[in-house]
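The values are calculated or read from the model by the stated rules, or taken from the named source; none is laboratory data. Remember, it's a predicted structure, so these values are computed and weren't measured experimentally. All Cβ positions, even for glycine, are placed from backbone atoms using ideal geometry, and neighbour counts span all protein chains on display.
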Amino acid sequence: MPPSARTRAECWGTPDRPRPQCVEGMAPDAETGQKHARDLPQRRLCFPGSSRQEPAGKAGKKNPREALGRRWAELAQDEWKELLLAAEEFRTLTPWRWMDDTQLFGVRNPWTGEVGWCVVMGAAGLAYGLAVYRGEHGYATYRLVMADQADATDALAHMDCLLLEFCNGEKLTDVDRNLLKAAGVKPSGRRAWPLFRSYLPWHMPWYLTSQEARYMELALRQACLVAARLHKGPAPALQKGPWLLVREPQACEGGWVWTDTWGEPSLSAQAKEVWPAEEAVQRALSACARTGETWEVDVFPAKMLVSEEGERPRLPPTLLVSSDGFPPAVHAEAVRPGPGMWEELLGAWFRGALRVGKLPRCLRVKRDEVAAMLGPTARLLGIPLEKRKKLRTLEALQRSLEQWLARRHGR
C-alpha cells in the first residue's frame with residue numbers, strides 16, 4: 001500500500017470551465033538558502049522541433065504549415081488568456097532555481113483521469129519551462145531521455161508530452177504571435193515568450209488543442225504550488241520509495257479540491273511481436289532466392305508534413321531496408337500511424353523482398369519495436385536477427401532520403 005496521503009486542499013474555478021486562483025502563497029522565500037542551478041545536475045531534456053519552428057514564408061506566399069496551424073489553434077482561443085496568465089506566474093516564480101529535471105511529480109487530468117508527470121526544465125540553463133509527460137507512455141519516454149537512450153528520432157516517434165518553453169520572440173511562428181496578441185499578452189525581454197507545443201507519437205510537434213490548453217493550465221498552477229512548497233520548506237517529499245507525489249482533483253461545489261496522493265508510475269508494455277500471414281511466408285520462400293547479403297532494417301518518422309483536412313499533421317512511419325550488397329537500397333515505404341501500423345510495416349518488408357526477389361542471410365535492427373516486428377518472420381524464414389547500436393549503411397541511406405525529401409518539399 002502507498003504511504004498515507006498528506007492532504008492539502010485548494011479550490012480552482014468551476015468543474016465545467018476552471019479558472020484557477022492561487023490560495024497559497026506562490027512567491028518563494030529568498031532567505032531559505034535552497035540549491036540554485038549551478039548546484040544541480042546539468043541535464044537537458046530532448047524536445048526536437050519545440051523551438052525550431054517552420055518559417056512564416058516569404059511575403060505574398062502562403063505557407064501551408066501556417067494555414068494548418070491557424071485552423072488548429074482556433075479551437076483553443078477561449079482558453080489561451082488563462083493559460084498564458086498561468087505561464088507568466090510560473091515564469092515569475094522561476095522554480096528552476098531550486099528544482100531540476102530529476103524531481104518528478106504527477107498532476108491528474110480531471111477530464112481523462114490520466115496522470116501527467118511534470119518536470120521543471122531550466123536547471124542546466126539551456127531550456128526553461130515545464131514538460132508534462134502524459135500517462136505510462138510519456139513516463140517511459142521520460143525514462144529513456146534521462147538515461148540518454150533516446151535520440152531526436154526516438155522522441156518524434158514516441159514522445160507523448162505537453163511542453164511549455166520560454167524562449168526569445170524570433171522562435172515563435174505567426175500563429176503563436178497572433179494568439180498572444182488576441183489574448184492581450186505582450187511579453188518583453190529575453191526568454192520571456194511562452195511557446196506551447198503538443199507532442200504525440202508519430203506526429204509533428206503542434207499547437208495545443210482546447211482540451212490540452214485547459215489541462216496545461218491546471219498543470220502549471222499545480223506546478224507553481226508544488227515548487228513554492230519545496231522552496232519554502234519544510235515540505236512533503238516528492239518521492240517515497242517507488243511512489244511519487246500526485247496532485248489529485250476532486251469536484252466540489254464551486255470548484256476543484258486538490259489533494260496530495262501517492263502513485264507508482266507504470267511503464268508501458270514491451271513491444272508485441274507481429275506474426276506474418278502464412279501465405280506471405282510461403283510466397284517469400286517460393287519466390288525469393290537466398291543470398292549472402294546482410295539487410296539492415298529500421299523504422300523512423302519521415303521528416304515531411306502529411307495532413308488531411310481537419311487532422312493533425314503527422315510524420316509517417318517509414319520502413320527503410322538497406323543491403324551490404326548492390327544496390328544498397330532494398331525498399332522504402334511509409335504507412336499511416338495508428339492501430340495496425342506495425343502489421344502494415346511488416347507487409348511493406350515482404351513487398352520489398354518480393355520486389356527484389358531476394359532474402360538476406362542476416363537481418364540487423366537497432367530498435368526493440370523493429371525487432372519485435374521482424375522476430376517471428378525471421379524465425380519462420382530461418383534468418384538470424386541481430387540487434388546493433390548502429391546501422392551504418394542504413395543511416396547513410398536515411399540521410400540521403402531525408403535530404404531528397406527536404407529538396408522535394410522545399411525545406
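Scanning segment 145-160 for residues that are assigned to a loop (DSSP other than H, G, I, E, B) and either surrounded by fewer than 22 Cβ atoms within 10 Å (Cβ to Cβ) or at pLDDT below 80 (or both) turns up Ala147, Asp148, Gln149, Ala150, Asp151.
So is Tyr139 within 16 Å of Val246 (Cβ to Cβ) and in contact with a Pro (Cβ under 6 Å, 6 or more places away or on another chain) or not? It is true that Tyr139 is within 16 Å of Val246 (Cβ to Cβ) and in contact with a Pro (Cβ under 6 Å, 6 or more places away or on another chain).
The listed residues are Trp117, Trp80, and the only one of them that is at pLDDT 95 or above and on the phi < 0 side of the Ramachandran plot turns out to be Trp117.
Yes/no matrix, rows are residues, columns are (1) surrounded by fewer than 17 Cβ atoms within 10 Å (Cβ to Cβ); (2) assigned to a helix (DSSP H, G or I); (3) in contact (Cβ under 8 Å) with a residue 12 or more places away in the chain; (4) assigned by TED's automatic domain parsing to the domain that holds Leu320:
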position	(1), (2), (3), (4)
Arg351	yes, yes, yes, yes
Leu354	yes, yes, yes, yes
Leu363	no, no, yes, yes
Ala372	yes, yes, yes, yes
Glu386	yes, no, yes, yes
Leu394	no, yes, yes, yes
Glu402	yes, yes, yes, yes
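The single condition among (1) surrounded by fewer than 19 Cβ atoms within 10 Å (Cβ to Cβ); (2) in a helix (DSSP H, G or I); (3) at pLDDT 60 or above that Glu74 does not meet is (3).
Please verify whether Glu293 is acidic (Asp, Glu), farther than 19 Å from Glu273 by Cα and at pLDDT 95 or above, treating the condition exactly as stated.
yes
Quick check, is Ala131 among the aliphatic types (A, V, I, L, M) and in a loop (DSSP other than H, G, I, E, B)? Taking the combined requirement at face value, the residue does not satisfy it.
Screening the candidates Pro339, Pro327 for the property of being outside any helix (DSSP H, G or I), closer than 25 Å to Ala155 by Cβ, out of contact with any Leu (no Cβ under 9 Å at 6 or more places or on another chain) and not aliphatic (A, V, I, L, M) yields one hit, Pro339.
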